[in-house]
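Here is the structure we will look at.
The values are calculated or read from the model by the stated rules, or taken from the named source; none is laboratory data. Everything numeric in this text was worked out from a predicted model, so none of it was measured. We place every Cβ from the backbone using ideal geometry, glycine too, and count neighbours over all the protein chains shown. Each accessible area value is taken on the protein alone, full model and side chains, heavy atoms only, with ligands, DNA and RNA left out. Shrake-Rupley method; radii C 1.70, N 1.55, O 1.52, S 1.80 Å.
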Amino acid sequence: MSSALLTHSRVSHAQLAALLARWLPDQRWFAGRDHRITDLSVVTATQLTTDCFHLLIRVEQHGEQDSVHYQLLLGATDRIPPRTRRHVLGEIEGPTGHALLVHDAVHDHRAMVHLLDRIRRGGAMKNLRFESFPRTGVPSGLAPHVLDTEQSNTSIVYGNQLILKLFRRVQPGINPDLEVPAALARYGYARVPAPTAWFHTMTPFFATLGVVQPYLTDAADGWALARESAARRTDFVEEARQLGRATAELHVALSETFPVTAAPADHSIRLADAMTHRLRQAAAHVPALRAYAPALTGVFADFALSGHDLPLQRIHGDFHLGQVLRAGDEWHIVDFEGEPSKPLTERRGDHSPVGDIAGMLRSFDYAAHTDTSPRTAWAQRSRAAFCDGYAESGRFAPHAIATVLRAHEADRAVYEVLYEAAHRPDWIAVPLTAVDRMCRAR
């Protein structure tokens, strides 16, 4: 693929846009699957190899006010390796008139080897700049393989030594999944893998595109561990308590690394109003939630009147069992990107640490209730142990602010009901069961 492919004619632009418009809605990381694409354009194109381009594209969709930028790595050649064939988008007319097969180059072994090498060498390349921390080295010759758990991003593991996370949806500014781990590494918090290298755009705006970190080869996913424990009815209390301690230590480290702001006098009132508004919107779409609306409104009103306004600080922002890894007897915390659908300024803003606690408590509930026979007692013990562990190492005890915690957890459960109704109807009983429990406990 030569640079002429994107500049030789309007036909090539139209062909490429048509291919992408058909392909994008099928990608798990594409945020607008429910809305028709009305316009798609290439903002920047950087040639990485003779047949591989880095693209930043802008997508506009029906019903959406703002356009969205995505990062793509596309290859185009007349011959495709067998293992790459299932990642072909289609054909496009090449600059000499012959057909080229356009494919997702993330799954092209040679292209990804070259990308890591380019990151390792550093420096600028047209619209891109590659950086690394002093005294850290990115080795060469590591074989890549793409993890099949991609959601809002794509992760590529190199030789079981490094992992490169590519942020598919791109927003102007530094991504918190680079900003926060880098700051914590300087602070000395060792439970978060420190960034080794990264790359970003230089035009038309600055934005983080990818981060390289050490790959924890022997680590087990917290979600898988918890689900297995719940299914087998084995005790998870000690692991949950240790995770609570690790979470509290994370919040302390973040409060000493980033500025902390005092909550405004009316913070709990405004936040409770926002929770109530989200409840009304969700109930309008999910009839099963309507019977609980009065009691949930009371839960949020109790929070508004509680007078408990914790200092606001940087938090994880999307905390659940899938964001933690266990290596030996130690928990490690990853994925500080936050909710990709939220604006970057909001994800980088200050929030109550109770939000992270509520997210993890909801995750324990999910781990216990996604089987045909819910493990309610397992969830209760794990949730209590997590809060106990947090109280041992944190600056407050979650159980001591039960009204605040209940409101945050209820708000999270309302979001889950709406999500499950739209995407996984078979799972909606999980958050609805939690909603019922919280309403009865009030």
*Quick one: putting +1 on the C-beta of Lys and Arg, -1 on the C-beta of Asp and Glu, what dipole do you get for the chain around its Cα centre, in Debye to the nearest 20?*
340
*asked:* Classify region 107-193 from the C-alpha gyration tensor, please: rounded if a/c falls under 1.5, else prolate or oblate depending on whether a/b exceeds b/c.
replied: rounded
*What angle do you read, to the nearest 10 degrees and between 0 and 90, between the alpha-carbon axis of helix 376-393 and the longest principal axis of the chain?*
90
*Against the longest alpha carbon principal axis of the chain, how many degrees, from 0 to 90 and to the nearest 10, is the axis of helix 237-257 turned?*
70
_Gain upon complete extension [D34, E238; 0.36 nm per residue less C-alpha separation]_ = 69.2 nm
*asked:* Using amide H atoms built in the peptide plane, which far-off residues or other-chain residues are under 5 Å from N175 H to H?
replied: T208
*Counting only protein heavy atoms, what percent of the accessible surface of region 198-266 is carbon or sulfur at a 1.4 Å probe?*
54
_Given axes a ≥ b ≥ c from the Cα gyration tensor, I'd like to know whether region 110-268 is rounded (a/c under 1.5), prolate (a/b larger than b/c) or oblate._
oblate
*Here are some values of Cα extents along the principal axes in Å: [x] 84, 44, 39; [y] 71, 49, 46; [z] 64, 50, 40. Which one was computed from this structure?*
[y]
*On a 0 to 90° scale, report how tilted helix 354-369 is relative to the longest principal axis of the chain, with both axes built from alpha carbons and the result rounded to the nearest 10.*
90
*Which percent of the accessible heavy-atom area of region 280-319 goes to carbon and sulfur, probe 1.4 angstrom?*
59
_So, for region 394-442, what is the accessible surface per residue at a probe of 1.4 Å, expressed in square angstrom?_
49
_Pairs of alpha-carbon atoms within less than 8 angstrom and 6+ residues apart define the contacts here; what relative contact order does the chain have, in percent?_
13
*May I ask you to list the chymotrypsin sites (Phe, Trp or Tyr not before Pro) in region 83-191 that are in a DSSP loop and have at most 13 other Cβ atoms within 10 Å of their Cβ?*
none
*asked:* If I stretch the segment between A220 and D78 completely, what's the gain in nm (0.36 nm per residue apart, minus their alpha carbon distance), one decimal?
replied: 47.1 nm
*Using a cut-off of 11 Å between beta-carbons, work out the net charge of the residues near T46 (Lys and Arg +1, Asp and Glu -1, T46 not included).*
+3
_Efficiency of FRET between E60 and D350 - r from beta-carbon atoms, R0 51 angstrom, step 0.05_ = 0.95
*Let me know the shape class of region 198-314, please: from the alpha-carbon gyration tensor, a ≥ b ≥ c as square roots of the eigenvalues, rounded when a/c is under 1.5, otherwise prolate if a/b is greater than b/c, or oblate.*
oblate
*With a point put 7 Å past each Cα toward its Cβ, work out how far H98 is from A377 in nm, to one decimal.*
7.1
*Summed residue charge, Cβ within 14 Å of L271's Cβ, Lys/Arg positive, Asp/Glu negative*: -4
*Divide by every residue of the chain the summed helix terms, -39500 (n - 2.57) for each DSSP H run of at least 4, and state the resulting mean residue ellipticity at 222 nm, rounded to the nearest 500 deg cm²/dmol.*
-13000 deg cm²/dmol
*If you add up the charges near L312, with Lys and Arg at +1 and Asp and Glu at -1, over every other residue whose beta carbon is less than 15 angstrom from its beta carbon, what do you get?*
-1
*How far is the Cα center of region 50-113 from the Cα center of region 415-442, in Å?*
39
_Dipole axis of the chain (+1 Lys, Arg; -1 Asp, Glu on Cβ), positive-most option in T234, F258, T46_ = T46
*Heavy-atom accessible area per residue, region 175-296, 1.4 Å probe: how many Å²?*
44
